[in-house]
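In what follows, a structure is listed as structure tokens, so that the remarks can point back to it.
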Amino acid sequence: MQVSLPTGLKIEVRGMKIREERVFADKRLERTGQTVRKLVEACTEEIIDYGPYSSPLDWDRVAWGDIFKAGLAVRAATHGAKYKFEFSCPECGARQGWQVDILEGLDETPMDAETAARFIDGNEFTVEFDDGLTVVHFKIPVAGDAPTIARNHRTYQDAPISGALLARIIKVIHDGREIKGSKALIPWLQDQPLSFASELVDEMEEFNCGVDTTIDVGCKACGAEIEELDLPFDERFWVPARKQSKKSRRRR
């Protein structure tokens, strides 16, 4: 299956084989957030168009948006693009099924040419805040950042916003002072208003690329419209449970 990724990288992927079971069983990969990246590497058959990247492809430098979209393509090549899942209505509590096409039914944000050029040439972006005192230098997440992101998630469980931002911030210039490194950034971040974090995330997302994994659904029981439901990406997404056939049940 050929798939075009958000940066313009185009690859040929195959479906998962039985040997890919080891990728999901590897606790180190799970702990360091590298399961999907390793799955994509294993199932990529050919690089058709390198897009903004250089040959040979350095997977550590591939944007996470590309990695995730490629992972969806691997799943689609293995089990089909239709993903069936269940959710509970937040209004009436009814449990029900839903289906989405993971290749055609999710919104995707491509990376524009200007952003791609800056991404390849150092991957450093800036946002200046209205106070005139604060400039944040940040990067677009790449596959090589996965261990840091996973570690921050564990280390800053009591401050998840700070931990998530820390994985992307390179440095902050505040009132002429450079703030760099987790020991300096964490106390500075935690002293900022929540509105600052929201604004910063919005600014970062302006440069990001990838697939939106939230969808709008409707409750079949009460008719409620549910916006931005997060798709569940658990083990059943990658290895769906198969219904037992009548024939196989009779053989028992």
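The values are calculated or read from the model by the stated rules, or taken from the named source; none is laboratory data. A quick note: this is a predicted structure, and the numbers were derived from the prediction, not measured. Because the Cβ atoms are built from the backbone with ideal geometry, glycine has one as well, and the counts that use them run over all protein chains shown. Quick note on the areas: whole protein, heavy atoms, side chains included, nothing else; ligands and nucleic acids left out. Shrake-Rupley method; radii C 1.70, N 1.55, O 1.52, S 1.80 Å.
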Residue ranges of strands (runs of 3 or more DSSP E) in the range 1-72 with at least 1 members surrounded by 15 or more Cβ atoms within 10 Å (Cβ to Cβ) and touching a residue at least 60 places away in the same chain (Cβ under 8 Å): 2-4, 10-13
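If I go through the range 210-237 residue by residue, how many of them are open to solvent by less than 100 Å² (accessible area, probe 1.4 Å) and modelled with pLDDT under 90?
Count: 2.
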Every pair of residues 6+ apart whose Cβ atoms lie under 8 Å, when the first sits in the range 125-147 and is of a type in the set (Gly, Ala, Ser) while the second is part of a loop (DSSP other than H, G, I, E, B): Ala143/Gln34; Ala143/Val62; Ala146/Thr32; Ala146/Gly33; Ala146/Gln34
Test for Phe207: is it among the hydrophobic types (A, V, I, L, M, F, W, C) and either modelled with pLDDT of 95 or more or in contact with a His (Cβ under 9 Å, 6 or more places away or on another chain) (or both): no
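Take the range 73-87 and flag every residue that is of a type outside the set (A, V, I, L, M, F, W, C) and open to solvent by less than 20 Å² (accessible area, probe 1.4 Å).
First pass over the range 73-87, keeping only residues of a type outside the set (A, V, I, L, M, F, W, C): 75, 78-80, 82-84, 86.
Scanning the range 73-87 gives Arg75, Tyr83.
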Subset of the range 121-149 that is among the β-branched types (Val, Ile, Thr) and assigned to a helix (DSSP H, G or I) - its residue that is most open to solvent (accessible area, probe 1.4 Å): Ile149
Positions within the range 88-103 being open to solvent by 10 Å² or more (accessible area, probe 1.4 Å) and farther than 26 Å from Lys38 by Cβ, in sequence order: Ser88, Pro90, Glu91, Cys92, Gly93, Ala94, Arg95, Gln96, Gly97, Trp98, Gln99
Those residues of the range 202-234 which are more than 17 Å from Ser88 (Cα to Cα) and charged (D, E, K, R), in sequence order: Asp202, Glu203, Glu205, Glu206, Asp212
